[in-house]
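Have a look at the structure below before the remarks.
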Amino acid sequence: MICAPLTAQSVEQMVSDMIQAKAQGADLVEVRLDYIKDFRPHKDLQVILRNKPLPVIIVYRPKWDGGLYEGDEHVRLETLNLAKELGADYVDYELKVASNLAAQQKINRHGGSKIIVSCHLNGEDASKEDLCRLVARMEATSPDILRLVIEATDITEMGRIFHLLSCSQVPLIAYSLGERGLISQILSPKYGGFILYGTMDGHSVPGLPTLDSLREAYKVDCINRETKVFGLISKPVSHSKGPILHNPAFRHVNFNGIYAPMFVDDLKRFFSVYCGPDFAGFSVGIPYKEAVVDFCDEVHPLAQSIGAVNTIIRRPSDGKLIGYNTDCEASITAIEDALKEKQWTIGEASFRSPLKGKLFVLVGAGGAGRALAFGAKSRGARIVVFDIDYDRAKSLACDLKSEVRRFEELVNFHPERGAILANATPLGMHPNTGRIPVPEATLGDYKLVFDSVYTPRKTRLLKEAEAAGAITVSGVEMFLRQAIGQFNLFTGGRGLRSRVYSIVFICVTVQAAVLISEPYLADISDHLIVVTEWVIVLDDW
């Protein structure tokens, strides 16, 4: 079941929020009484429970356990008993309180309310064994449901949560807050979690997905124990639009998979914990595209030559991690198609890349930059590399036998007319959207400007370049194209081999974007034709 936590400060707003939560797809709501100002137990509880449009969990959290209630403890417990008498579906007790009441045999089990015993671990690095002992203590209070909330500092701690969910003999709610804990919510149904939490629109909580995304993007009601897990390994991950591309496409081709953002701090720890066959593949984002090569058992020759991997597949036959790079062709074909669209060529020239002989100015020599550089080199472009890390830029330039410049020289660098500019840095990415990597005055010298950043779709760099008269290519183009390549790898080619399914992939993406109110990806209709044409050409080839 999906639960919406409600923290309104008035009874009237709480009732309104319950109605809204139901409309947005919640199965039940958690009502936090300690947030209501001037709360009057007898009167206000009757209003809330008489007007509930769906099942309710009543929580009256004291300050000593992270809540807002500071009053008399006896009054608080009497309020929880009253909630049970008035027909609350679930009533939450803290472990400390439940243990004391159980010892005194004072837990009131009259009425139809189910008892939740909860425990919140704040910053404690508990081992799997410690958590199992804690759950045993909670079970000793004879609850109907257990709830365990862990303030995790690393995504690998979610492995312990999944273990608890899988082996608990009592219905268990277990999760962690924050970006690193997001997968504990999304994957909860796979491991048998009793409830997962989703926020209403306009009530965002770090680490909690929205009700809309749980229903539409992740379709959590379709997740089961056999569901294969895929995800984006990155830092940060909040910008990722991968879930609203891959998840609808998985469902459309009847592939039992789920794609989730994974905020990773340490690659070695991550791969050591999530090493089972259920974790079947990964996208790789900033800043790990180069470093992740060392964690692959095998690397595809193209990715090996580039020195960067953006897709990893766990081979079913032996569990080995195989690294690929779908960024290279995705970025270069996006640039080529934009140039061809503006300047059609005929005869023999039509078989040559429009990049041949062009000066290709690359800013950023990380994983995305290396993919761009190798792709441009393969098309016969002349490359000059800039990066804030000069040694990294020099290494890439050496691999390509191309020119390298120090990052500081960008301020005064004026390319030859008709050059191509490619930004492969995070400059301009949400939320720091005001920065661009080159001086505005030089943008008029470029024939085309490409930005690998895709949030926002039209970055400040692209806006300034367009105003200066350059052709612009958004990171959305590269993003969609590399995602099609990834999807084929994730599904073993069963999903998008045909032209029809390739186009369907794009269409269900747009449909999903509209359904979950993602204005960014809903606004890609102007990109569909060129991507579809590319898919058809590739399919024919």
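The values are calculated or read from the model by the stated rules, or taken from the named source; none is laboratory data. Treat the numbers as computed from the prediction; the structure is a model and nothing was measured. Cβ sites come from the backbone with ideal geometry, for glycine too, and all protein chains shown count toward neighbours. Quick note on the areas: whole protein, heavy atoms, side chains included, nothing else; ligands and nucleic acids left out. Shrake-Rupley method; radii C 1.70, N 1.55, O 1.52, S 1.80 Å.
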Item to check | Sorted peptide list for 23-32, 407-416, criterion being average Cβ within 10 angstrom, highest first | outcome: 23-32, 407-416
Next on the checklist: Distance between the C-alpha centers of the stretch 130-155 and the stretch 431-497? Whole Å please.
Outcome noted: 45
Checklist entry - If you put +1 on each Lys and Arg Cβ and -1 on each Asp and Glu Cβ, how big is the dipole of the stretch 178-247 around its Cα centre, in Debye rounded to 20? => result 280
Checklist entry - How big is the stretch 343-496 by Rg and Dmax over its Cα atoms, in Å? => result 15.9, 50
Checklist entry - Based on the Cβ-Cβ distance from Q304 to K458, what FRET efficiency comes out when R0 is 25 Å, to the nearest 0.05? => result 0.15
Item to check | S142 paired with K63, simple spin-label distance in nm, labels 7 Å along Cα-to-beta-carbon | outcome: 3.5
Checklist outcome for this item: Highest mean packing first, using Cβ neighbours within 10 angstrom, the peptides 64-71, 45-52 sort as 45-52, 64-71
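Viscosity 0.890 mPa s, temperature 25 °C: give me the Stokes-Einstein translational D for the stretch 261-371 in µm²/s, with Rh taken as the Kirkwood radius over C-alpha pairs.
154
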Checklist outcome for this item: In vacuo Debye sum over C-alpha of the stretch 32-73, base-10 log of normalised intensity I(q)/I(0) at q = 0.24, 0.31 Å⁻¹, listed in q order, is -0.87, -1.16
Next on the checklist: Under 12 Å between alpha carbons, and skipping anything fewer than 8 positions from K463 in its own chain: which aspartates and glutamates qualify?
Outcome noted: E440, D451
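With the other protein chains left in place, how much accessible area per residue, in square angstrom, belongs to the chain at a 1.4 angstrom probe?
I get 43 Å² per residue for this part.
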Checklist entry - At 20 °C and 1.002 mPa s, what whole-number value in µm²/s does Stokes-Einstein give for the translational diffusion of the stretch 36-102, with Rh from the Kirkwood sum over Cα pairs? => result 171
Next on the checklist: Nearest 10 degrees is fine. How inclined is helix 390-400 to the longest principal axis of the chain, computing both from alpha carbons?
Outcome noted: 50
Checklist outcome for this item: Sorted by chain and number, the residues with a modelled amide H under 5 Å from that of Y93, at a separation of 5 or more or across chains, are I116, V117, S118
Item to check | N51 paired with D297, simple spin-label distance in nm, labels 7 Å along Cα-to-beta-carbon | outcome: 5.9
Checklist outcome for this item: With R₀ set to 45 angstrom, the calculated FRET efficiency between the beta-carbons of Q9 and S99, to the nearest 0.05, is 0.90
Next on the checklist: With an 8 Å Cα cut-off and a minimum separation of 6 or more residues, compute the relative contact order for the stretch 1-99 in percent.
Outcome noted: 26
Checklist entry - How much length, in nm to one decimal, is gained on full extension between A126 and S317, taken as 0.36 nm per residue of separation minus their Cα-Cα distance? => result 65.3 nm
Checklist entry - Cα axis of helix 243-252 to longest principal axis of the chain: angle in degrees, 0 to 90, nearest 10? => result 80
Next on the checklist: Using the Cα centre of the chain as the reference point, and only Cβ charges (+1 on K/R, -1 on D/E), how large is the resulting charge dipole? Debye, rounded to the nearest 20.
Outcome noted: 740
Item to check | Sequence-separation-based contact order of the stretch 186-294, relative, with Cα cut under 8 Å and 6+ spacing, percent | outcome: 27
Checklist entry - Within the accessible area of the stretch 192-326, what % is carbon and sulfur when the probe is 1.4 Å and the other protein chains stay in place? => result 53
Next on the checklist: I'd like the FRET efficiency for V75 and K235, computed as 1/(1 + (r/R0)^6) with the beta carbon distance as r and R0 of 51 Å, rounded to 0.05.
Outcome noted: 0.65
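Pop out the Kirkwood hydrodynamic radius of the stretch 387-434 from its pairwise C-alpha distances, inverse of mean 1/r, in Å to one decimal.
Kirkwood hydrodynamic radius for the stretch 387-434: 12.5 Å.
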Checklist outcome for this item: So the angle from the long Cα axis of helix 367-378 to the longest Cα principal axis of the chain, reported in degrees to the nearest 10, equals 20
Checklist outcome for this item: In the structure shown, of K289/K358; K241/K458; K128/K219; K43/K84; K358/K458, the pairs separated by more than 18 angstrom at the C-alpha atoms are K289/K358; K128/K219; K358/K458
